[in-house]
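Heads up, the thing below is written out as structure tokens.
The values are calculated or read from the model by the stated rules, or taken from the named source; none is laboratory data. All figures in this text were calculated on a predicted structure; none of them were measured in a lab. With ideal geometry, Cβ positions are generated from the backbone for all residues, glycine too; neighbour counts draw on all protein chains shown.
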Amino acid sequence: MTKQIFFFIILSVTVFSAGSLYAQVGNVELGKTYTGIYQRQGGYYDYSDPEAVNMKVSVWGFIKYPGRYLVPDYTTIIDLLSYAGGPTDDSHLDDLRLYRVLPDSTEQMFKFNFEDLLWENQIEVENRTTPKLIARDILIVPGSPKLYFKDWFRVGIQIFTAMISLTLLIIRINRT
């Protein structure tokens, strides 16, 4: 009877630990990595110019330093991304979004590609609009976690070792 209880406890712990490996991948929030390790969740950054008019804007999503920024009014979107530490490996740079609340309380969203911003002077497109930043704009850098070979390998090794341990435990219990 005690062998069966011991076997049940070991099996429960093994299944629980193997099942929790994937829970972190599906439950990703802005500013967190897929491993669940805490990163900066936002702050207030001052890049103001005392000689210019300054404005407050926000940058959120898959960037190094998300948060609110006090920047000069001549700041471009590329400058703002640079102030924020740049996009992470997990970001989708082809789907940047700029949200703006207009004075009449209507909301506006601009979608654009980072490549369009980067090569703006060399690309000729008729209807492309790259918005100029104004106060209270919110730049969102969307993304999703990417698992590389080393991550899949680590997960596979953990599951493999759990199965080997479970097999050895069953063999040992059956011998006694």
### Query
Does THR88 satisfy being in the same structural domain as PRO131 (by TED's automatic domain parsing) and under 14 Å from VAL57 (Cα atoms)?
no
### Task
Output the residues belonging to the stretch 149-164 that are modelled with pLDDT of 90 or more and more than 24 Å from ILE9 (Cβ to Cβ).
PHE153, ARG154, GLY156
### Message
Going by what's in this entry, would THR167 be described as exposed (fewer than 13 other Cβ atoms within 10 Å of the Cβ), more than 15 Å from the chain's Cα centre (by Cα) and at pLDDT below 90?
### Response
no
### Query
Residues in the stretch 44-58 that are part of a loop (DSSP other than H, G, I, E, B) and touching a helix residue (DSSP H, G or I) at 6+ places or on another chain (Cβ under 8 Å): how many?
1
### Task
Inspect the stretch 94-105 for any residue being at pLDDT 90 or above and over 24 Å from PRO145 (Cβ atoms) and give the result as yes or no.
yes
### Query
Using beta carbons and a limit of 7 Å, which pairs, at least six apart or on different chains, have the first residue in the stretch 129-147 and in contact (Cβ under 8 Å) with a residue 60 or more places away in the chain and over 20 Å from HIS92 (Cβ atoms) and the second one part of a strand (DSSP E or B) and among the hydroxyl-bearing types (Ser, Thr, Tyr)?
none
